[in-house]
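*Asks:* My structure is below; once you've seen it, I'll send some questions.
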Amino acid sequence: MKKKMVKVMGLGLMMSLLMSTVSMAATPQGAELTSTAVESQLLPASQRKSMSTLRPETKGEAMATRLSIISNEGWGVIGAQAVTTMHIPASWGMSTIYLDRWNEGTKNWDLVKTYEKEYLPQDEADGELTSMTYTVLITDQPSDYYYRIRAIHELEYIRNGHTYWEGASTETEGLLITNTP
């Protein structure tokens, strides 16, 4: 009986080793990272910029910092920026910016536009992907509304022959975009 138990355990161990695979997290549309339900406050009309705050305890193995910024550039222009820096070079990266507008009727944020940019090491001057900065000037949205930016920062890196994925989200507070200088 003891021999049979050892055989079964050995076979189970061998099967688990043979069938192990590297799994990576993903950020499908509709996941928590992309939810408009994230709460944020509406800033005073005099404020011209809002920047996300970092939470150091959520830094990753490769991802060092991530930041999202929204600014009132004047004349109805919205400045949006997603910034990501890495501890180690990445093999791939993606920045996604979600522009939300405050809906006064429902007292909720509505997603109005999405912007994405992919990053590859070969596109960098030195051939290493160690930071990603995605800046968008948005001119096709109505003024005199509150807007905010939510950003998804994603990257892949290779360590010891394995590919790993990291992702994080940031969001700004609501900023009034005006049609004045």
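The values are calculated or read from the model by the stated rules, or taken from the named source; none is laboratory data. Treat the numbers as computed from the prediction; the structure is a model and nothing was measured. Neighbour counts are summed over all protein chains in view; Cβ atoms, including those assigned to glycine, are modelled from backbone coordinates with ideal geometry. When the accessible area is computed, the model is the full protein with side chains, heavy atoms only, and any ligands, DNA or RNA have been set aside. Shrake-Rupley method; radii C 1.70, N 1.55, O 1.52, S 1.80 Å.
*Asks:* Can you tell me which residue is nearest to I138 (Cα to Cα) among those in the stretch 81-94 that are buried (at least 19 other Cβ atoms within 10 Å of the Cβ) and of a type in the set (S, T, N, Q)? Explain how you work it out, then say what you get.
*Replies:* Pass one, the stretch 81-94, residues buried (at least 19 other Cβ atoms within 10 Å of the Cβ): 81-84, 86, 90, 93-94.
Retained after the next criterion (residues that are of a type in the set (S, T, N, Q)): 81, 84.
Numbers: Q81: 11, T84: 20 Å.
Ranking the candidates gives Q81 first.
*Asks:* Just checking, how many residues over the stretch 125-176 are part of a strand (DSSP E or B) and either of a type in the set (K, R) or out of contact with any helix residue (DSSP H, G or I) (no Cβ under 8 Å at 6 or more places or on another chain) (or both)? Steps first, please.
*Replies:* As a first pass, look at the stretch 125-176 and keep what is part of a strand (DSSP E or B): 129-138, 145-159, 162-171, 174-176.
So of that shortlist, the ones also either of a type in the set (K, R) or out of contact with any helix residue (DSSP H, G or I) (no Cβ under 8 Å at 6 or more places or on another chain) (or both) come out as 130-138, 145-151, 153-159, 162-166, 170-171, 174-176.
So the count comes out to 33.
*Asks:* Checking the conditions here, which among I97, I78 is out of contact with any Leu (no Cβ under 9 Å at 6 or more places or on another chain), β-branched (V, I, T) and open to solvent by less than 20 Å² (accessible area, probe 1.4 Å)?
*Replies:* On the way: I78 fails: out of contact with any Leu (no Cβ under 9 Å at 6 or more places or on another chain).
It is I97.
*Asks:* Something else now. Only one of V22, V83 is in contact with a strand residue (DSSP E or B) (Cβ under 6 Å, 6 or more places away or on another chain) and modelled with pLDDT under 55; which?
*Replies:* V22
A quick yes/no check of all residues on (1) open to solvent by 70 Å² or more (accessible area, probe 1.4 Å); (2) β-branched (V, I, T); (3) farther than 18 Å from N179 by Cβ; (4) free of Cβ contacts under 8 Å to residues at least 24 places away in the same chain:
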| position | (1), (2), (3), (4) |
| --- | --- |
| N103 | no, no, yes, yes |
| L120 | no, no, yes, no |
| S131 | no, no, yes, no |
| L137 | yes, no, no, no |
| D144 | yes, no, no, no |
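*Asks:* Hey, another quick one. Can you find even one residue in the stretch 114-124 that is part of a strand (DSSP E or B), among the basic types (K, R), touching a Gly at 6+ places or on another chain (Cβ under 7 Å) and at pLDDT 95 or above? Spell out how you get there, then give the answer.
*Replies:* Step one: filter the stretch 114-124 for residues part of a strand (DSSP E or B), giving 114-119.
Filter once more, keeping what is among the basic types (K, R): 117.
If we keep only those that are touching a Gly at 6+ places or on another chain (Cβ under 7 Å) too, we end up with none.
Scanning the stretch 114-124, I find no residue that is part of a strand (DSSP E or B), among the basic types (K, R), touching a Gly at 6+ places or on another chain (Cβ under 7 Å) and at pLDDT 95 or above, so the answer is no.
*Asks:* Here is a further query. Give the stretch 110-151 a look and list any residue that's under 17 Å from M94 (Cβ atoms) and among the polar types (S, T, N, Q), or say none.
*Replies:* Within the stretch 110-151, T114, Q122, T130, S131, T133, T135 qualify.
*Asks:* Run N179 past the list (1) in a strand (DSSP E or B); (2) open to solvent by 50 Å² or more (accessible area, probe 1.4 Å) and report the number of the one that doesn't hold.
*Replies:* (1)
*Asks:* Restricted to the stretch 50-65, and to residues that are open to solvent by 20 Å² or more (accessible area, probe 1.4 Å), under 14 Å from I88 (Cα atoms) and of a type outside the set (S, T, N, Q), which residue is modelled with the lowest pLDDT? I'd like the intermediate steps shown before the answer.
*Replies:* If we filter the stretch 50-65 for residues that are open to solvent by 20 Å² or more (accessible area, probe 1.4 Å), which is where we start, we get 51, 53-61, 65.
With the extra rule that they be under 14 Å from I88 (Cα atoms), the set shrinks to 59-61, 65.
Filter once more, keeping what is of a type outside the set (S, T, N, Q): 59-61.
Values: K59: 61, G60: 75, E61: 87.
The selected residue is K59.
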